[in-house]
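> Got a structure here, written out as structure tokens. Questions coming.
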Ligand code: BDR
Ligand code: CA
């Protein structure tokens, strides 16, 4: 059975790959894409989302959402994702337009109109749209099947020593979401960092035929160079890991833990504090991924790219 999924993105490079993987997935009925500011400003993350969907004929409504975090100022990631938020590929004219309805209003409406437990939400950006939807219509909390979040870390962060970019970008939103009661699967940085795109792997995937592989290659050439220049690491496939979770949860090991969001810390604001030892005695509020089988991840990604060629 295909799962009905709404993807909430801040389209930079790895979000774009997540969209590619979801767009022709055999396990996912992609209901809509909602967009937030994050990797770049909202106008740019929306444009990037529309460009990816248009280039790959992914026919799905795109809803622009929050243009800034709940309390913090917007802090984007131009070094890693470029001025456009998706530097690298050159897009021809975009054939589609975004929807008029606000992403948070759409999320609340859609979840309330669907049978309870039908919608899965996958987030690959700051959690602002989801927090807004919860505040707008608190009853959605009991109706979402699962919220799969790329965000946070058990150990080190990437935007500060403590915090990962998506939870750091809007800690108050992350706090609302993690304390909401929605069943959460958290795919943290500790896991996504282990799926790193080596030059050999990129060379191999660039040989896959079809438009998606072309777009992947153009995007990853920029992203890989930026990651090695600015963080001294191979490019990590953060956001696509969430789609791999939907495709095949057996790729992962997980534990149920209590996760709090640090919203006050001078050095730790935005950190996901994962109670690994159970010392807080609080009920777990998230299933936290610990490992992923990276080899099998790459096989899932390659199949996803190839599907655009075979179904062209
Ligand atoms: C996350 O930050 C963003 O730059 C990526 O798109 C990903 O969602 C990784 O920390
Ligand atoms: Ca992202």
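The values are calculated or read from the model by the stated rules, or taken from the named source; none is laboratory data. Because the structure is a prediction, the values reported are computed rather than measured. Cβ placement follows ideal geometry from the backbone for every residue including glycine, while neighbour counts extend to all protein chains displayed.
Each row is one residue, and each column tells you yes or no for (1) at pLDDT below 95; (2) closer than 21 Å to residue 186 by Cβ.
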| residue | (1), (2) |
| --- | --- |
| 82 | no, no |
| 85 | no, no |
| 94 | yes, no |
| 115 | no, no |
| 119 | no, yes |
| 129 | no, yes |
| 141 | no, yes |
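> Residues 93, 146, 99: which one is away from ligand 1 (no atom under 16 Å from the Cβ), assigned to a loop (DSSP other than H, G, I, E, B) and within 27 Å of residue 27 (Cβ to Cβ)?
After applying the criteria, what remains is 99.
> Turning to a different aspect of this structure: Please verify whether the range 172-192 includes one or more residues that are farther than 23 Å from residue 256 by Cα and more than 13 Å from ligand 1 (Cβ to nearest atom).
No, there is no match, as no residue in the range 172-192 is farther than 23 Å from residue 256 by Cα and more than 13 Å from ligand 1 (Cβ to nearest atom).
> For the range 243-291, name all the residues that are under 29 Å from residue 75 (Cβ atoms) and without any contact (Cβ under 8 Å) to a residue 24 or more places away in the chain.
If the condition is that a residue be under 29 Å from residue 75 (Cβ atoms) and without any contact (Cβ under 8 Å) to a residue 24 or more places away in the chain, then 264, 266, 273, 275 are the ones that fit.
> Do you know which residues across the range 1-21 are in contact (Cβ under 8 Å) with a residue 60 or more places away in the chain, more than 9 Å from ligand 2 (Cβ to nearest atom) and not in a helix (DSSP H, G or I)?
3, 4, 5, 6, 7, 8
Okay, residues lined up against (1) in a loop (DSSP other than H, G, I, E, B); (2) away from ligand 2 (no atom under 16 Å from the Cβ); (3) closer than 22 Å to residue 67 by Cα:
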site: 115; (1), (2), (3): yes, yes, no
site: 122; (1), (2), (3): no, no, yes
site: 135; (1), (2), (3): no, yes, yes
site: 139; (1), (2), (3): no, yes, no
site: 154; (1), (2), (3): yes, yes, no
site: 157; (1), (2), (3): yes, no, no
site: 166; (1), (2), (3): no, no, yes
site: 177; (1), (2), (3): no, no, yes
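> Of all the helices (runs of 4 or more DSSP H) wholly in the range 196-267, which have at least 2 residues that are touching a strand residue (DSSP E or B) at 6+ places or on another chain (Cβ under 7 Å)?
211-230, 240-247
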